[in-house]
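Have a look at the structure below before the remarks.
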Amino acid sequence: QKDNKAKERVHKAPSLLPSTSKVPPCSSSMLNNSKLYCLRRKVWVAATPEEYIRQSTLKLLQDLEYPFSYIVVEKDLKLLPNLSFKGPSPERRIDIICYTKKKEDLVPLLLIECKAVPFSQKEIQQVLGYNHLIKAPFVGLVNSQEERLGWFDNQSQAYQFINYIPRYVELVNSIIVD
């Protein structure tokens, strides 16, 4: 049974004080008529409501010291290096994945879905569905009003959520290996 399986990665809730930081607004230097400058992709992109949230989230991650070289933005699931599909791959794009180093490899740490609408069960299920493939220990949801970080709690057998995104080092330090 479980005793014969390879060690599984589990994690605990980040033991942190609630953050007072919220998603910062896009700065005027990022705006150009109907375009926004993407901090990570280093290109101008269409200034959609969701893109404002995505760029503001990237700024927040930068402020929280997430290494930009470990962040992937707006990528097709089938193009992610850590995924392999049996059969056809889903035609979906993730908003943001933050990776961390494990030995010499980069592994998913946090999958973030950015939304221009209030969160409902639909948005939560979307990020959890993506994470079923990605297998990051943490998921995040961000909109203009709030940010949430979630993780699967083995004791309750359910996802638990807090109302902020912790600093990069705090998330990395909260991962435990059995």
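The values are calculated or read from the model by the stated rules, or taken from the named source; none is laboratory data. All values derive from a computational prediction rather than experimental measurement. Every residue, glycine among them, receives a Cβ derived from its backbone with ideal geometry; neighbour counts consider all protein chains shown. What goes into the accessible areas is simple: the full protein's heavy atoms, side chains included, and nothing from ligands, DNA or RNA. Shrake-Rupley method; radii C 1.70, N 1.55, O 1.52, S 1.80 Å.
For the reader, a short list of remarks on this structure follows.
- Within region 153-167, the set of residues being touching a residue at least 12 places away in the same chain (Cβ under 8 Å) and of a type outside the set (A, V, I, L, M) comprises ASP153, ASN154, TYR159, GLN160, PHE161, ASN163, TYR164, PRO166, ARG167.
- Of residues in region 49-73 being in a loop (DSSP other than H, G, I, E, B) and in contact with a Lys or Arg (Cβ under 7 Å, 6 or more places away or on another chain), the one nearest to PRO118 (Cα to Cα): LEU64
- Boolean, LYS103 is in contact with a Lys or Arg (Cβ under 9 Å, 6 or more places away or on another chain), of a type in the set (D, E, K, R) and on the phi > 0 side of the Ramachandran plot: no
- Here GLU51 fulfils each of the conditions (1) within 26 Å of VAL107 (Cβ to Cβ); (2) at pLDDT 85 or above apart from (1).
- Listed by position, the strands (runs of 3 or more DSSP E) contained in region 117-178 that have at least 1 residues being open to solvent by 80 Å² or more (accessible area, probe 1.4 Å) and of a type in the set (Val, Ile, Thr) are 175-177.
- Which listed residue, of SER28, SER34, SER19, SER69, is over 20 Å from TYR130 (Cβ atoms), of a type in the set (Ser, Thr, Tyr) and at pLDDT 90 or above: SER69
- Enumeration of residues in region 93-116 that are closer than 24 Å to ALA158 by Cβ and without any contact (Cβ under 8 Å) to a residue 40 or more places away in the chain: ILE97, VAL107, PRO108, LEU111, GLU113
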